[in-house]
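The values are calculated or read from the model by the stated rules, or taken from the named source; none is laboratory data. Given the structure is predicted, the values throughout are model-derived calculations rather than measurements. With ideal geometry, Cβ positions are generated from the backbone for all residues, glycine too; neighbour counts draw on all protein chains shown.
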């Protein structure tokens, strides 16, 4: 039996979380069980109430805001404890398209990769400023050098991990997990795939 846990780190996301959850799948080919997990990172709004109203299976809460990296790792630990074979990390503000999750997990289901990174077409994403596009490009270049991988969009938070990969990663940076996890994966020879996605229109 293959179990997929879709995790969403949240901090004061009550306005958009319901929209994001409404797009998440409950059934996918090759997956027997899908659970939704919300990591509430000390929100002061109605994030938890929205999550419950939308039928989220599991909610883990930080009593105060600890940052995205801590929320990500809390989600990974909770997903592993829940018996996840595959973990998908996405966001609550609809930066990524839930309809792309089957494409994201396909390399893991096929056994050809343990991590898949969703690569956004940065140059064609209209709501990214020129400075942000430049920083994204530079950051990905640095990570490629440090990790000896070919990841095009290293800062992307839209990613899937096998249970094996999730158990090997640890994040020490308090603010971001995206770059550090790729570098660790490269150093540990964890197979990484990437999927190109269309830009989200906002």
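So here's what we get for this one:
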{"quantity": "Check on residue 201, part of a loop (DSSP other than H, G, I, E, B) and either at pLDDT 90 or above or surrounded by 14 or more Cβ atoms within 10 Å (Cβ to Cβ) (or both)", "calculated": "no"}
{"quantity": "Residue within the stretch 93-101 that is free of Cβ contacts under 8 Å to residues at least 12 places away in the same chain, within 21 Å of residue 156 (Cα to Cα) and either out of contact with any strand residue (DSSP E or B) (no Cβ under 8 Å at 6 or more places or on another chain) or part of a helix (DSSP H, G or I) (or both) present", "calculated": "no"}
{"quantity": "Any strands (runs of 3 or more DSSP E) falling wholly within the stretch 8-92 and containing at least 3 residues that are touching a residue at least 24 places away in the same chain (Cβ under 8 Å) and buried (at least 17 other Cβ atoms within 10 Å of the Cβ)", "calculated": "33-41, 86-89"}
{"quantity": "Some residue of the stretch 111-129 being in a helix (DSSP H, G or I), at pLDDT 65 or above and either under 19 Å from residue 2 (Cα atoms) or out of contact with any strand residue (DSSP E or B) (no Cβ under 7 Å at 6 or more places or on another chain) (or both)", "calculated": "no"}
{"quantity": "Filtered residue count, the stretch 172-186, keeping only those that are outside any helix (DSSP H, G or I) and either in contact with a strand residue (DSSP E or B) (Cβ under 8 Å, 6 or more places away or on another chain) or surrounded by 19 or more Cβ atoms within 10 Å (Cβ to Cβ) (or both)", "calculated": "1"}
